[in-house]
Amino acid sequence: MKSRVGSSGQPSRGEALGPFWAIVQADLRGLFKSRITYGWLLAAVFVQVVRTLGSSGSGMTSSVVSSGLSDFVYIWSLVIIGLAASSVSSEAGELADSIMSKSVTRLDYVLAKFTSRIAYTLISFSVVTAVLVGLALRLDVSDYNTLGLASAIFVIALTLVMLTALGVALSIAMPNTVMSIVVLLVLWYSMTFFFPVVGLNILSPGSLLGKLPDIIKGAWSLGDWETVAGFIAVSGAATALSSAYFYMKDI
């Protein structure tokens, strides 16, 4: 059998990433076996089916799809907030033993948490959105542009990635799960409803939702690029700063 250790005595890349992938896979298995996940996906799919069937006579693709995507910001974000903001703090009792083992480093653990929670969010989003779009494309009024439709789905997915990254970051920074969930709820709905009031439309999911019908029809502006850049910057900053904090803090 070939050794997984290189000639220099250093672990091979596969061996080095082994603990990371093990945590990611274990976390995803636990999430997708949860009743919360089954309940969320069934409810979300049901709502999309009812929405599109109810609009079959006079509904337009752009309005139906934008309404379905907005559910993730206004309603289903509550599920994402609860799962993301409890990802690390809920395991505080087991964390020290895991990190102190020689096979798992701090960065293995924290980056695996970001990866698994973001993957979970995107997989769930993809399942529900596939049902929504598949039914909406059968409506009589197909007022959409293919690239615009893909762009709208992309920006909402990026919005959810930002929300998930903020949730995991707060779960790292705050040992109390309830507090991290409450703080993220306040932050998220402040971004959604109050950021436009103070001129921070670029970082407001609410402002983005108002543009979705036009984006689906093919309209894309410089402001939309700024929103994409802002969401990426927030996600990256949350991941980097919380990972650095986790690396240095006492466990």
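The values are calculated or read from the model by the stated rules, or taken from the named source; none is laboratory data. Since the structure is predicted, the reported quantities are computational estimates derived from the model, not experimental observations. Glycine gets a Cβ as well: all are built from the backbone with ideal geometry, and neighbour counts include every protein chain shown.
Residue under question is Ile202, and the condition is that it be over 16 Å from Ser86 (Cα atoms), in a helix (DSSP H, G or I), of a type outside the set (Phe, Trp, Tyr) and at pLDDT below 90; does it hold?
yes
Being over 15 Å from Val88 (Cα atoms), touching a residue at least 40 places away in the same chain (Cβ under 8 Å), small (Gly, Ala, Ser) and touching a Leu at 6+ places or on another chain (Cβ under 8 Å) narrows it down to one of Ala169, Ala157, Ala152, so name that one.
That would be Ala152, the only listed residue that is over 15 Å from Val88 (Cα atoms), touching a residue at least 40 places away in the same chain (Cβ under 8 Å), small (Gly, Ala, Ser) and touching a Leu at 6+ places or on another chain (Cβ under 8 Å).
State whether one or more residues within the stretch 217-236 are touching a Phe, Trp or Tyr at 6+ places or on another chain (Cβ under 9 Å) and more than 23 Å from Ala130 (Cβ to Cβ).
No: the stretch 217-236 contains no residue that is touching a Phe, Trp or Tyr at 6+ places or on another chain (Cβ under 9 Å) and more than 23 Å from Ala130 (Cβ to Cβ).
Do we have Ser171 as crowded, with 21+ Cβ neighbours inside 10 Å and either outside any helix (DSSP H, G or I) or not charged (D, E, K, R) (or both) here? Show your work before the answer.
On the way: crowded, with 21+ Cβ neighbours inside 10 Å: yes; either outside any helix (DSSP H, G or I) or not charged (D, E, K, R) (or both): yes.
Yes: the conditions hold for Ser171.
Got a number for residues in the stretch 55-71 being more than 14 Å from Gly148 (Cα to Cα), among the hydroxyl-bearing types (Ser, Thr, Tyr), at pLDDT 85 or above and surrounded by fewer than 20 Cβ atoms within 10 Å (Cβ to Cβ)?
Looking only at that region, the number is 1.
I'd like to check something: does the stretch 144-159 contain any residue that is buried (at least 19 other Cβ atoms within 10 Å of the Cβ) and under 14 Å from Ile81 (Cα atoms)?
yes
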